[in-house]
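Contents: one structure, followed by commentary.
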Amino acid sequence: MPPLKWAAFVLGAAAILSYVIWWYRTREEPVGGRAVAAGFRASALVLILLIILNPKLPAGWQVTGDDAVQLLDASFSMSRPVSPSGPPTWRLALDSLAGAGDVWLFGGPMSYRVPGDSLPPAPVAFESRLAPAVRAIGLAGARRAEIYTDGRIDDAPEALREARRQGLSLSFITISSRYPEAGVAAVSAPVWVQAGDSAVVTVELVAARAAGDTLQVEIVDEADRVVARTRVPAPDAGRFATARFAFTAPDAAATHRYVVRLDGGDPVPRDDQRPFYLQVSESPGGPVLISLIPDWEPSFLVPSLNRLTDMPGAAYLWLADSLVDLDSHRTTSIAAVQRRAREAPLLVLHGYGAGAPAWARELARRARRLLVFTAGERGFELPGWGITVGPPAAGEWYASPEVPRTPIAVDLVGFAEAELPPLLRPREVEARGGWAPLDLRHGRRGEPVRALVAGRDGDRRWAVATAEGYWRWAFRPGDGRQLYRTLWTGLAGWLLEDGTTAGGAALDPLERVAERGRPLRWLVPSAADSLAVELSRLDSETVRRAAGAGGDTLELTTPPGRYLYRSTVFRGGEAIASGSGPAEVESFSSELLPRPVDELEAPGAGADAPVRVAGRTRRLATVGWSYLLLIVLFCAEWAVRRFIGLR
């Protein structure tokens, strides 16, 4: 132990001895044999102190190369072949370890030891993390490790630092590939597109040693027909190249599957093909949000609105006299946005005020389902609705705990108003037949004003958010975020009732395509009791089921393959909505992507020469006999006390 720990041990042992002597002399009966019982108790307490300080103990001498612990990289990248026609790296590693004893597998956040004759036939981890394994074998008393890897280790610097802390000597046996490699790193595609419109897809390519000056990339449909093709310059090692496509979506309203395919002669096809799904419909199925001012509100509002329909919405920002798509960050023409907004089941105008542009006022006038977030210093009229909005009031306004009787009141009862930050600049709204689901009070006192107002105009429905800064509720976890989601999903659901799209929960997975080893995920609606998902493979009868509570994220981890999901939302013991569609777990993993092999060097490394360490040690807290001795000492004290007549 270092000098500081020795000093702590001496002082602690002296304090323990003094305490035990004082106790037995002043608190126990003066009978013969007390000293023996006191000795057992003092020994036990000193042993506890030693376990806390955790000193090193001798664990053998003259550790040679034959005593090294074998660590095997079990990440997916070990399945890559060592040459275009050669065996996988994993097979060569298993051959090298033939006849070995226990082997530690590493790759994920946990490492574990398996017998050498029971190693898995293929790698199982979707990460290449070595540090947890180094920490584990160090605590287990190892002093040297031989690491069989392809050199693609994500946390090599951290692992080497951990080896220095543990006093470990590492030897890297690298089995890597040295042939031209390229792969599809990422695919960015829209989730929804209108029939006949152009779908824009962006593909990121990566290479280690690309063959040739260019790479050919193409997109094929379910029938293996090429819908788009291009060539891009091959990137340098470790760098990315971008390929952009635009193709016309089919006229059939359905969920269509496409595959991005890289034609580069790579012997690892799993990183050369990446699927994606495109939902095509004749009219937009999700809400459209247009923000006329830069603000935080759309960032929190859009995910809540997307829960309401099976198809995602669109969000645009009016910036420098142009509209920017907040998803793709590309400029979009006003005419295209107007066409989509007119066909959307719900139009949301954020930052709408007296200075709104003429095209925004026209959209508001023609909308059938409208939600307006007010802004500006003056009052205004909402054209075509007979609604007058007054100027903003000053001060901070807090949510009132009294929830009025409204169509969404049952979802809002019980929130902790004391935890909610204030809203700003509320306005009076004059309209026929309006109702308010939530009230505000100035400084938590005085007469309430309406936080938002909603109503009907014939078969049309509208809502006006009278204040500013609702996003502050969502910014805080807990009741604030829950109230934000419940308020806007409930209000938007009411707006959508009997409209072109029925209100309900979003029943699609968050992403239809998941990497190998990653789960398919569903976001359970906060207003629902539970969400049940049944997942079945298209090529078999295999079925998996899972359920999650309201507000949770439901995850299903499955082997690679194409699946059909069926999801059902329950509330009050009854199924209120259901959905189905395709989902996929691809064979691809980011571990398979080509990248330069790390030149790994470790302190004391040397695969060929044995390493000799004088005085091999183990930590006291890692040996079982210390805890057994502790139990024996306490039991011995109890036995002596009973023998001499002490309780």
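The values are calculated or read from the model by the stated rules, or taken from the named source; none is laboratory data. From a predicted model like this one, the values you see are computed outputs, not experimental measurements. Every residue, glycine among them, receives a Cβ derived from its backbone with ideal geometry; neighbour counts consider all protein chains shown.
Selection of region 231-277 for residues being buried (at least 18 other Cβ atoms within 10 Å of the Cβ) and among the small types (Gly, Ala, Ser) yields Ala234, Ala241, Ala243, Ala249, Gly264. I want to confirm something. Restricting to region 322-375 and keeping residues that are touching a Gly at 6+ places or on another chain (Cβ under 6 Å) and of a type in the set (A, V, I, L, M, F, W, C), which single residue is farthest from Leu452 (Cα to Cα)? Residue satisfying both the conditions and the ranking: Ala354. Determine whether Ser169 is more than 30 Å from Phe240 (Cβ to Cβ) and of a type in the set (S, T, N, Q). Taking the combined requirement at face value, the residue satisfies it. Here Phe588 meets the list (1) in a loop (DSSP other than H, G, I, E, B); (2) farther than 27 Å from Phe126 by Cβ; (3) of a type outside the set (Val, Ile, Thr) almost entirely, failing just condition (2). Does any residue of region 411-423 turn out to be within 18 Å of Pro401 (Cα to Cα), outside the structural domain of Phe276 (by TED's automatic domain parsing), at pLDDT 85 or above and crowded, with 19+ Cβ neighbours inside 10 Å? Checking region 411-423: at least one residue is within 18 Å of Pro401 (Cα to Cα), outside the structural domain of Phe276 (by TED's automatic domain parsing), at pLDDT 85 or above and crowded, with 19+ Cβ neighbours inside 10 Å. Look at region 439-462: where a residue is within 16 Å of Ala418 (Cβ to Cβ) and a partner is of a type in the set (S, T, N, Q), sitting 6+ places away or on another chain with Cβ atoms under 9 Å, you get Asp439/Ser400; Leu440/Ser400; Leu440/Thr466; Arg441/Ser400; Arg444/Ser400. Restricted to region 107-162, and to residues there that are among the hydroxyl-bearing types (Ser, Thr, Tyr) and part of a loop (DSSP other than H, G, I, E, B), the residue that is farthest from Ile173 (Cα to Cα) is Ser111. Selection of region 271-298 for residues being outside any strand (DSSP E or B) and at pLDDT 90 or above yields Leu292, Ile293, Pro294, Asp295, Trp296, Glu297, Pro298. Number of residues in region 199-230 that are closer than 22 Å to Glu591 by Cβ and either surrounded by fewer than 14 Cβ atoms within 10 Å (Cβ to Cβ) or within 30 Å of the chain's Cα centre (by Cα) (or both): the value is 7. You will find that of Arg460, Arg521, the residue that is out of contact with any Asp or Glu (no Cβ under 8 Å at 6 or more places or on another chain), surrounded by fewer than 21 Cβ atoms within 10 Å (Cβ to Cβ), basic (Lys, Arg) and modelled with pLDDT of 85 or more is Arg460 and no other. Within region 100-155, the set of residues being of a type in the set (Ser, Thr, Tyr) and under 27 Å from the mean Cα position of the chain (by Cα) comprises Ser111, Tyr112, Ser128. Taking region 372-410 as the search range and keeping residues that are farther than 29 Å from Glu497 by Cβ and acidic (Asp, Glu), which one is surrounded by the most Cβ atoms within 10 Å (Cβ to Cβ)? Applying the filter and picking the extreme gives Glu396. Identify the residue in region 183-198 that is of a type in the set (Gly, Ala, Ser) and under 27 Å from the mean Cα position of the chain (by Cα) and, among all such residues, is farthest from Ala246 (Cα to Cα). Out of the qualifying residues, it is Gly183. With respect to Arg144, is the statement that it is in the same structural domain as Phe172 (by TED's automatic domain parsing), of a type in the set (D, E, K, R) and in contact with a strand residue (DSSP E or B) (Cβ under 9 Å, 6 or more places away or on another chain) true? So Arg144 passes the test.
So that you can scan it fast, the table gives a plain yes or no per residue for (1) more than 22 Å from Arg460 (Cα to Cα); (2) among the β-branched types (Val, Ile, Thr); (3) surrounded by fewer than 21 Cβ atoms within 10 Å (Cβ to Cβ):
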| position | (1), (2), (3) |
| --- | --- |
| Ala314 | no, no, no |
| Leu319 | yes, no, yes |
| Arg330 | yes, no, yes |
| Arg342 | no, no, yes |
| Ala354 | yes, no, yes |
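Only residues that are part of a strand (DSSP E or B) and small (Gly, Ala, Ser) were counted across region 338-397, and they come to 1. Within the span defined as region 503-513, one or more residues are modelled with pLDDT of 90 or more and among the charged types (D, E, K, R). You will find that of Arg80, Arg34, Arg27, the residue that is among the basic types (Lys, Arg), at pLDDT below 90 and surrounded by fewer than 17 Cβ atoms within 10 Å (Cβ to Cβ) is Arg27 and no other.
Residues checked against (1) at pLDDT 85 or above; (2) outside any loop (DSSP other than H, G, I, E, B); (3) closer than 30 Å to Glu162 by Cβ; (4) hydroxyl-bearing (Ser, Thr, Tyr):
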residue: Leu535; (1), (2), (3), (4): yes, yes, no, no
residue: Glu541; (1), (2), (3), (4): no, no, no, no
residue: Gly551; (1), (2), (3), (4): no, no, no, no
residue: Ser567; (1), (2), (3), (4): yes, yes, no, yes
residue: Pro596; (1), (2), (3), (4): no, no, yes, no
residue: Pro603; (1), (2), (3), (4): no, no, yes, no
residue: Ala636; (1), (2), (3), (4): yes, yes, no, no
residue: Ala639; (1), (2), (3), (4): yes, yes, no, no
residue: Arg647; (1), (2), (3), (4): no, no, no, no
